[in-house]
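So that we are looking at the same thing, I have put the structure below in structure tokens.
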Amino acid sequence: MTKYKRFRACLSKRSVARQRSLNNCAPTAGRTVCALFYLLAAGLAASAQTIEARIRVVSLTPPRISVEGTSDRPTTAWSFRTTYAGLLGLGARFEQLTLTDAQGAPVQLRQLAPGEYEAARPAQDFHYEVKLDPPELDAAAAHVSWLTTERGILMLGDLLPLPVGRAKLQLTLPAGWQSVALAKPAANGHYEFAQAESGVIFIGRELRQQQARAGATEFTLATASDWAFADEDAARLVQDILREHERATGAAPQPSALVIIAPFPRQVRPQEWSAETRGATAVMLTGREPGKTAALAQLSQPLAHELFHLWVPNGLTLAGDYAWFFEGFTLYQAERAGVRLGLLSFQNYLDNMALAFDQSRSANEGAGLSLLEASQRRWSDTDTVVYRKGMLVAYLYDLMLRQQTKGKRSLDDVYRALFSRGRTGTEADGNMIVCELLTSAAGDPAFVERYIKHGGAIDLAAAIRPFGLEVASGGARTHIVVAAELSRAQRDLLKQIGYNELTGHGHKR
């Protein structure tokens, strides 16, 4: 396994706003955004239509596509995605919608709002055009469809009429362009998506692909443009991360996955990134770091986080909003993967715990909420609680469990138990299942009751003292260090999470 130099603690560089749902979105915060795509609820999926459509790029300047096709369910209600990932007004991108009925006769319609239409009688054939200018907010470019003169990303969830289930598509692209998608391919630009809502198609000139296997998962790395690293370097990084996540969870997320690494549609600062995972496709947009080491470091932590979403929640069948776990705890799992792969130092591990504490403590709204309550109210700007406090609680839980079992169990064991419960095909409540598993592994409900079901501030110094860690005095920001004197049990615990006693790394100075 190739070792890359330890990357900067990117969590200390930026505030990452995470999960956004389909049509219920809140403004994002921070310089970068990383979002996870919700699949439709069972009731909506049950009413989804099957669509056959032809998507054609009609213009690159201005960027514009045409979509024409047919639905298997004639209807009078026609709608398209209007908001997503904090972006409003997406419905205004749709123009010139025309409808016909099963006999091919034109059907009159009226526009109720941008992206919302009512037909005079049931219609099933449609034609419209979509303006695909990149979003004004660069960080949103990983979350919606866009097109430039060089490349584009087509996200079927915001291009096809809603609600959509299965889709058969034919693409017509400019001369010299290619397409890559995680779908059943056919000749001449045909694709079939079993779940079009999570369908992503990467299009552009001179796209490159690398195929590899990581454990039980075959993956394709698709990229474009020039980078300071070779495609093989990026593929090896993806492979290492996927293998580590499979080892930690004891499960393979999907038989196949697609990882897209591409530049932003516009020029951005080198350290910017934005990402989203839909189904088994991870989209990673990143700035251009000039050096190989810095560029790979730029990819490492976001990829570790994003690729874990192939497991949680995308590999589970749990219901409800348990974002405190599938976002906050996933932030922590990315940290653990980074340490184990040699991508993240032990000091980074401590620094990011301190940063999570500072950010959760500074939350203006929702500071007194429990993690369960914050997840339910996350659209009213409780993201900091969900993500940062959730991450901090994951730190404390993993350390507590390791200490309590003398290193025999860790948070990884909870994930293994979760995958034995969460892939049953039933949509059990995610909050209930996760809390039950956390409690069962710890053998005591006290931790879950105190840190997850109840709100209030966390006394960090008291919480980490049993583990041989201390909050260093002085400074505007919190700093965590290893205590000058450690018991044998504390020393063994810290060694499990990357502490090197020979260097004294992390010791109080």
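The values are calculated or read from the model by the stated rules, or taken from the named source; none is laboratory data. Note that the coordinates shown come from a computational prediction; the quantities given were computed from them, not determined experimentally. With ideal geometry, Cβ positions are generated from the backbone for all residues, glycine too; neighbour counts draw on all protein chains shown. Remember, those area values only see protein heavy atoms, side chains included, never the ligands or the DNA or RNA. Shrake-Rupley method; radii C 1.70, N 1.55, O 1.52, S 1.80 Å.
Polar (S, T, N, Q) and surrounded by fewer than 20 Cβ atoms within 10 Å (Cβ to Cβ) - does that describe any residue in the range 145-155? Show your work before the answer.
To start, the set of residues in the range 145-155 that are polar (S, T, N, Q) comprises 145, 148-149.
Next, only the ones that are surrounded by fewer than 20 Cβ atoms within 10 Å (Cβ to Cβ) stay: 148-149.
Yes, that holds for at least one residue.
Also: Give just the number: which of (1) open to solvent by 50 Å² or more (accessible area, probe 1.4 Å); (2) of a type in the set (Gly, Ala, Ser); (3) closer than 25 Å to residue 200 by Cβ does residue 77 not satisfy?
That leaves (3) as the condition not met.
Would a scan of the range 117-130 turn up a residue that is in contact with a His (Cβ under 9 Å, 6 or more places away or on another chain) and either open to solvent by less than 10 Å² (accessible area, probe 1.4 Å) or not acidic (Asp, Glu) (or both)?
Checked against the condition, which is being in contact with a His (Cβ under 9 Å, 6 or more places away or on another chain) and either open to solvent by less than 10 Å² (accessible area, probe 1.4 Å) or not acidic (Asp, Glu) (or both), the range 117-130 yields no hits at all.
If you take the residues of the range 424-444 that are surrounded by 15 or more Cβ atoms within 10 Å (Cβ to Cβ) and free of Cβ contacts under 8 Å to residues at least 12 places away in the same chain, which of them is nearest to the chain's Cα centre (by Cα)?
Top of the filtered list is 436.
Give me the pairs, please: first residue somewhere in the range 110-131 and free of Cβ contacts under 8 Å to residues at least 24 places away in the same chain, second residue anywhere and open to solvent by less than 50 Å² (accessible area, probe 1.4 Å), beta-carbon distance under 8 Å, and either six or more positions apart or on two chains.
Sorted first by the residue in the range 110-131, then by its partner, the pairs are 110/117; 111/117.
Still on this structure, I have one more. Where residues in the range 453-471 are part of a strand (DSSP E or B) and open to solvent by 40 Å² or more (accessible area, probe 1.4 Å), which of them is farthest from residue 360 (Cα to Cα)?
It comes out as 470.
Looking at this structure, is residue 260 open to solvent by less than 10 Å² (accessible area, probe 1.4 Å), touching a Phe, Trp or Tyr at 6+ places or on another chain (Cβ under 6 Å) and not in a loop (DSSP other than H, G, I, E, B)?
yes
Anything in the range 88-99 that is under 24 Å from residue 274 (Cα atoms) and buried (at least 21 other Cβ atoms within 10 Å of the Cβ)? List them, or say none.
If the condition is that a residue be under 24 Å from residue 274 (Cα atoms) and buried (at least 21 other Cβ atoms within 10 Å of the Cβ), then 90, 93 are the ones that fit.
Pick from 119, 123, 139: which is closer than 16 Å to residue 84 by Cα and of a type in the set (A, V, I, L, M, F, W, C)? Can you show your working first?
Working: 119 fails: closer than 16 Å to residue 84 by Cα; 123 fails: closer than 16 Å to residue 84 by Cα.
Residue meeting the stated conditions: 139.
I'd like to know if the range 293-305 contains one or more residues that are in a loop (DSSP other than H, G, I, E, B), open to solvent by less than 10 Å² (accessible area, probe 1.4 Å) and either under 26 Å from residue 324 (Cβ atoms) or in contact with a Cys (Cβ under 8 Å, 6 or more places away or on another chain) (or both).
No, there is no match, as no residue in the range 293-305 is in a loop (DSSP other than H, G, I, E, B), open to solvent by less than 10 Å² (accessible area, probe 1.4 Å) and either under 26 Å from residue 324 (Cβ atoms) or in contact with a Cys (Cβ under 8 Å, 6 or more places away or on another chain) (or both).
Results for (1) touching a residue at least 40 places away in the same chain (Cβ under 8 Å); (2) of a type in the set (A, V, I, L, M, F, W, C), shown as yes or no for each residue.
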| site | (1), (2) |
| --- | --- |
| 286 | no, no |
| 302 | yes, no |
| 348 | yes, no |
| 352 | yes, no |
| 356 | yes, yes |
| 374 | yes, yes |
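Scan the range 472-499 residue by residue and report those that are within 19 Å of residue 389 (Cα to Cα) and either open to solvent by less than 60 Å² (accessible area, probe 1.4 Å) or among the aromatic types (Phe, Trp, Tyr) (or both).
478, 480, listed by residue number.
Give the residues of the range 181-206 that are of a type in the set (A, V, I, L, M), open to solvent by 10 Å² or more (accessible area, probe 1.4 Å) and part of a strand (DSSP E or B), sorted by residue number.
Once the filter is applied, which keeps residues that are of a type in the set (A, V, I, L, M), open to solvent by 10 Å² or more (accessible area, probe 1.4 Å) and part of a strand (DSSP E or B), the range 181-206 yields 181, 186.
So, in the range 396-417, how many residues would count as being more than 14 Å from residue 335 (Cβ to Cβ) and either among the acidic types (Asp, Glu) or part of a loop (DSSP other than H, G, I, E, B) (or both)?
Here the count works out to 6.
Here is a list of conditions, (1) in contact (Cβ under 8 Å) with a residue 40 or more places away in the chain; (2) open to solvent by less than 50 Å² (accessible area, probe 1.4 Å), and residue 212 meets all of them except one; can you say which number that is?
Going through (1) in contact (Cβ under 8 Å) with a residue 40 or more places away in the chain; (2) open to solvent by less than 50 Å² (accessible area, probe 1.4 Å) one by one, residue 212 breaks only (1).
Any residue that is of a type in the set (Asp, Glu), under 25 Å from residue 72 (Cβ atoms) and not in a strand (DSSP E or B) - is there at least one of those in the range 102-125?
No - not one qualifying residue is present in the range 102-125.
Regarding the range 160-173, can at least one residue be identified that is open to solvent by 10 Å² or more (accessible area, probe 1.4 Å), in contact with an Asp or Glu (Cβ under 7 Å, 6 or more places away or on another chain) and either part of a strand (DSSP E or B) or free of Cβ contacts under 8 Å to residues at least 60 places away in the same chain (or both)? So that I can check it myself, show each step before the final result.
At the first step, the residues of the range 160-173 found to be open to solvent by 10 Å² or more (accessible area, probe 1.4 Å) are 162-163, 165-166, 168, 170-173.
Those still in the list that are in contact with an Asp or Glu (Cβ under 7 Å, 6 or more places away or on another chain) too: 168.
Filter again for either part of a strand (DSSP E or B) or free of Cβ contacts under 8 Å to residues at least 60 places away in the same chain (or both), leaving 168.
So far as the range 160-173 goes, yes, one or more of its residues are open to solvent by 10 Å² or more (accessible area, probe 1.4 Å), in contact with an Asp or Glu (Cβ under 7 Å, 6 or more places away or on another chain) and either part of a strand (DSSP E or B) or free of Cβ contacts under 8 Å to residues at least 60 places away in the same chain (or both).
Among the residues of the range 357-397, write down those that are open to solvent by 40 Å² or more (accessible area, probe 1.4 Å), at pLDDT below 85 and not small (Gly, Ala, Ser).
Within the range 357-397, 361, 364, 365, 376, 377, 379, 381, 384 meet the criteria.
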